[in-house]
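A quick write-up on the structure given underneath.
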Ligand code: NDP
């Protein structure tokens, strides 16, 4: 057996240690990858029906244990319990989508039948092999499952490195999958911090699927580049919303505030910048600030809580303070919040800034928390220019009563996802993909299943 060093799992709402776990060392990382390689061919030879059956059992177990799993998520990530339940519930339609679409994606595709020269051309789709899945803590059931479910269903083995801030959830995912019938070596969890992720990248794997920040994503890409390993990167964003002058102001303000502050603002597709047409500016700002002031900040296990602590603890608090200080030094005004909350744990008050511009970090760099800047714009063209003034390209939202206006605006915005009168939304049926520094590749949709197979071209000539 390996002697692993201990790692603390901390409750960000209190700072207390929830549990000590053992962090994988290099020998354990290597051994996990070797076991996965030995196991994957047998798994890939099982029938599609059997793999679907196993994942159906996993789904049933997730339903049966949803409340306990939501509680674990609330405790270790600080996610408000109602939102943790939503995440568990949201796992189900994703699972159902993958199960329904799998056979269609895997079916051999006959692209030519030519009886005259007895020729047939067929595309078969084969699994990749061993997939390294390095995941983020903010939606571990979503972003993890977007990778491990289609990877397992298509016949791959997965070595899963959850974020150290979602370790218990990572272990719970493995427990459910194993109980459902996924062989232990076909899905393995490596417990540990970023160093364990870095070690995993040095092993022989066939694909790396990473969800996390742009800064770490660049390191991941550099680590695997010399081996030309298949790479998928789901990275951060600085997602804009533009509110036109023809909206129902209170409704739009409440919807955009929810898009900015849900999950305590810690969503890759959270609204991070808001542009508001000058004709509705004062009314919108008032409605927005009054919505935000109504959010209950508190214990994630309390049913009333809407804003929890920051999962990355002190580092995240310092990051928020620095963005506020930078903005204020450059002329921004704080309309509500602006500082830590005076209580145990790692809470930042929901914060709204105005008089912001793109010289400020808060309008350029990912915040990933309960802090938002609102900027006034004079025209649709100005809004489009500002929405595109970013290296990121994950999502963009437009609020207007006019669908044509929304489509014209969103057609000019360089993002993988476009929202009309909605935001901070993910669908299993649609591709989830970032542009620019928001990443490479696709999860979800049929393309997100096909991402875990590679085509083989068959040229078949009869006698
Ligand atoms: P990080 O980039 O800090 O970490 C992501 C994962 O990488 C974690 O498991 C982390 O381990 C691990 N890691 C850290 N350093 C290395 C390294 N050198 N080599 C390999 N692995 C490493 O991101 P967060 O977990 O804080 O997640 C938040 C970020 O994720 C935000 O930028 C957010 O926008 C993005 N995100 C993007 C999504 C998308 O779909 N586009 C979805 C969800 C989040 P550990 O945490 O233990 O340090």
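No lab work stands behind these numbers, since they all come straight from the coordinates. Just so you know, these numbers come straight off a predicted model, no measurement behind them. Neighbour counts are summed over all protein chains in view; Cβ atoms, including those assigned to glycine, are modelled from backbone coordinates with ideal geometry.
Annotations
- For the chain, the fraction of alpha-carbon pairs in successive 20 Å shells from zero, as %: 24, 54, 20, 2, 0
- Taking 10 °C and 1.306 mPa s as conditions, segment 220-272 diffuses translationally at an estimated 116 µm²/s according to Stokes-Einstein applied to its Kirkwood radius (Cα pairs).
- Rg followed by Dmax, in Å, when segment 88-144 is reduced to its Cα trace: 18.2, 57
- Calculated SAXS-style log₁₀ I(q)/I(0) at q = 0.14, 0.18, 0.22 Å⁻¹ - segment 36-95, Debye, Cα scatterers: -0.54, -0.71, -0.83
- Kirkwood's formula applied to the C-alpha pairs of segment 13-159 gives a hydrodynamic radius of 18.0 angstrom.
- Here the residues 452, 165, ranked from fewest to most Cβ neighbours within 10 Å of their Cβ, fall in the order 165, 452.
- Point-to-point label distance, residue 38-residue 325, nm (Cα→Cβ direction, 7 Å offset): 5.3 nm
- Modelled spin labels at residue 126 and residue 313, positioned 7 Å past Cα toward Cβ, are 4.6 nm from each other.
- Rg/Rh for segment 306-415, where both radii come from Cα atoms and Rh is the Kirkwood radius: 1.02
- Shape annotation for segment 235-302: C-alpha extents along the principal axes are 40, 30, 14 Å, from largest to smallest.
- For segment 1-85, a Kirkwood hydrodynamic radius built from all Cα pairs, placed in the Stokes-Einstein relation at 20 °C and 1.002 mPa s, yields a translational diffusion coefficient of 132 µm²/s.
- Protection proxy ranking, peptides 230-237, 17-24, average beta carbon neighbours within 10 Å, highest first: 230-237, 17-24
- For segment 360-462, the share of alpha carbon pairs falling in successive 5 Å distance bins from zero is 2, 10, 16, 21, 18, 12, 7, 4, 3, 3, 2, 1, 1, 0 percent.
- Every pair of different Cα atoms in segment 297-358 enters the Kirkwood calculation, which places the hydrodynamic radius at 12.4 Å.
- Mean residue ellipticity, 222 nm, helices only, the chain: the sum of -39500 (n - 2.57) across DSSP H runs of n ≥ 4, divided by residue count and rounded to 500, is -13000 deg cm²/dmol.
- Calculated P(r) tail over 19 Å for segment 336-385, as whole % of Cα pairs: 36 percent
- Coordinate range of the alpha-carbon atoms in segment 236-389 per principal axis, descending: 44, 30, 25 Å.
- Quarter of the Cα convex hull surface for segment 77-181, i.e. its orientation-mean projected area (nm²): 8.2 nm²
- Largest to smallest principal axis extent of the C-alpha atoms in segment 193-285, angstrom: 57, 22, 17
- With the convex hull constructed from alpha-carbon coordinates only, segment 196-235 shows a mean projected area of 2.4 nm² over all directions.
- Prolate/oblate/rounded call for segment 54-130, Cα gyration tensor, a/c under 1.5 rounded: prolate
- Between 0 and 90 degrees, the angle of helix 140-153 with respect to the longest Cα principal axis of the chain falls at about 20 degrees.
- Rg ratio (alpha-carbon, reference 2.2 N^0.38 Å) - segment 121-235: 1.02
- Annotation for residue 358 and residue 60: the two label points, set 7 Å from Cα along the Cα-Cβ direction, are 5.4 nm apart.
- Packing-based exposure ordering (other Cβ within 10 Å, fewest first) of 306, 392: 306, 392
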